[in-house]
Amino acid sequence: MNNQNEINLINFFTRNKGLTRAQQARFAKLMARDCTDVGGNLNKNKENNEETVKMNLKRIRQSHSPKKMIDFLSLFSRDDRFKWFTHKWDMSVPFDIEGMIKNLQTSKAILNDMAYNDGPAINKKTYNQVWNFINFENNEEKPFPWTNTDSKSIHIGWYSVVDLSKDTPDTPIENLVLSDGHQFKDYIRMFKSTIEFRTDLRDDDRFSELIWNKLTTRLPKDFDINFDPQFDEIGYDLNIYCDVIGILTALDTFCDWMTKHKSISSNVDIDLIAEEDSYILEITQRGSYFNNIGKLERPSGDFKELRERLFSVCDLTLEGDYIEDGKMRGSLVVKALDENTMSEDGLLTPPNVVKESDEKKGGVRYKLRIYKR
């Protein structure tokens, strides 16, 4: 086994989330002791391996930062190293797919730094959504997919047009026809609608239309869903960088929760509030309530998964009336994701649950604060 193979093997096991930290450390110690190069240079190799182990076992402490997500996604509009993955090519310059491939190999570090370093960091699912579309080296036999706004896994990406572009160099890249009969621009548009709420794509991709369709199709038909007029007034013309799939995933979870509590209430109010630095999407199940503060203080199951999915996508607050032992106990405000939320090795700090003894909320409200650039 040569040095690089040893390091790769150490990297794999010390980063394997299926192992406990004690198991990772034990494996790393054994590898540092036993791995040697062909020449038997044990001491030097052991030192190198131990240094690699120390780097891999360093705890990664990241902060919830939707602003970092905006910086990341906006690269595909404002930075020429990434812009042409989602915009029509500037025909004053000859299209050069080999140049794009070479550039991505060197500029990938910019994307990695935004996801895998300490401090403000983007969500790994946001990163994977983007990378699986732009990666020229995606596995053609079994490519890593990205997700469209219909929740379908898409296996078409920039790797799909490399050979087509070389075979038909006079055809604009966006007009290349794929094996399914669609032009590549159809997939570019589809991808763009997952990283931005825009007004220049399909009408169904607009914020108000997409959210309306999601909620009205996911909630049972006998629910009474009321949209405040300003939801459409603000949402129809809203332009904002956002992990759209993360937002839609949150709505799926909210709909599941509200359906579960249908016997308590089937009345839902939807509102959208514009603030100076953000938009707040509010979804209220009138008459519903919390009855288990422990589940809010110590997230598990779908609540835990929701926080992980929305980390560095948007702020998340839950608020509602609180009933304990059959008696009204005021209300709760659960700051599930905010500027104080941290992630250490993928584990999020607990939510901040605040009891408000007197104020009634009139139900349970889910609030997503989606930041502007």
From the cross-link list K221/K367; K152/K361; K67/K304, which pairs have alpha carbons spaced over 25 Å apart? K152/K361
For segment 143-148, what does the Karplus curve 6.51 cos²θ - 1.76 cosθ + 1.60, with θ = phi - 60°, yield as ³J(HN,Hα) per residue in whole Hz, taken in order and with x for Gly and Pro? x, 6, x, 10, 10, 8
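Every read-out reported here was derived from the displayed coordinates using simple, explicitly stated rules and does not represent laboratory data. The structure displayed is predicted, hence computed values, not measured ones.
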